[in-house]
Amino acid sequence: MDSIDNLTVNLARLDAIAADSATGVFLDEVTNFPNTADMAYISAIYNRCVLRGLQLIVNPGLKDFDPWLMSRCHYLMSDEGYNGWRAPSPSERPYLSRILVVADTVNNADTAAAISLGARDNGFGYSY
């Protein structure tokens, strides 16, 4: 079965992504506090990315996460509902230059600009 969670299939996908000259991979729906099995899966994905020269972004989508995740990715998307004014959480603070925050309900340029400026003013490395 060609499941989206099948590690063997996903490692082959990483090889194909690298062969297409991509520079990075986005791993969505990553648990923010991984168990042993999750850690093994994420580690395998990260190691293949490093081997193939790909940058890995993991997305737990939450502002609180196990710092272990930062050892298995290049960037982490933390807050999918960032509003532009929230200061970094204790989980985010040590890794600000590698944290992405997202405002997923923005529908106009002025709000997007205000949120991006707020993210920058609060020290986040990236916002979208």
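The values are calculated or read from the model by the stated rules, or taken from the named source; none is laboratory data. Everything numeric here is computed off the predicted structure, so don't read it as measured data. All Cβ positions, glycine included, derive from the backbone under ideal geometry; neighbour counts span all protein chains shown. With ligands, DNA and RNA removed, areas are computed over all heavy atoms of the protein, side chains included. Shrake-Rupley method; radii C 1.70, N 1.55, O 1.52, S 1.80 Å.
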Item to check | Breaking point among (1) in contact (Cβ under 8 Å) with a residue 12 or more places away in the chain; (2) surrounded by 14 or more Cβ atoms within 10 Å (Cβ to Cβ), for A87 | outcome: (2)
Next on the checklist: Can you pull out every residue in the stretch 97-128 that is surrounded by fewer than 16 Cβ atoms within 10 Å (Cβ to Cβ) and not small (G, A, S)?
Outcome noted: D104, T105, N107, N108, D110, T111, L117, R120, D121, Y128
Item to check | Boolean, S127 is modelled with pLDDT under 95, among the hydroxyl-bearing types (S, T, Y) and within 27 Å of A22 (Cα to Cα) | outcome: yes
Checklist entry - Filter the stretch 35-81 for residues that are touching a Gly at 6+ places or on another chain (Cβ under 8 Å) and more than 16 Å from G24 (Cα to Cα); which is modelled with the highest pLDDT? => result S78
Next on the checklist: Residue under question is R52, and the condition is that it be charged (D, E, K, R), within 26 Å of R13 (Cα to Cα) and open to solvent by 60 Å² or more (accessible area, probe 1.4 Å); does it hold?
Outcome noted: yes
Checklist entry - Quick one: which of A87, A44 is over 10 Å from the mean Cα position of the chain (by Cα), over 19 Å from S127 (Cβ atoms) and of a type in the set (G, A, S)? => result A44
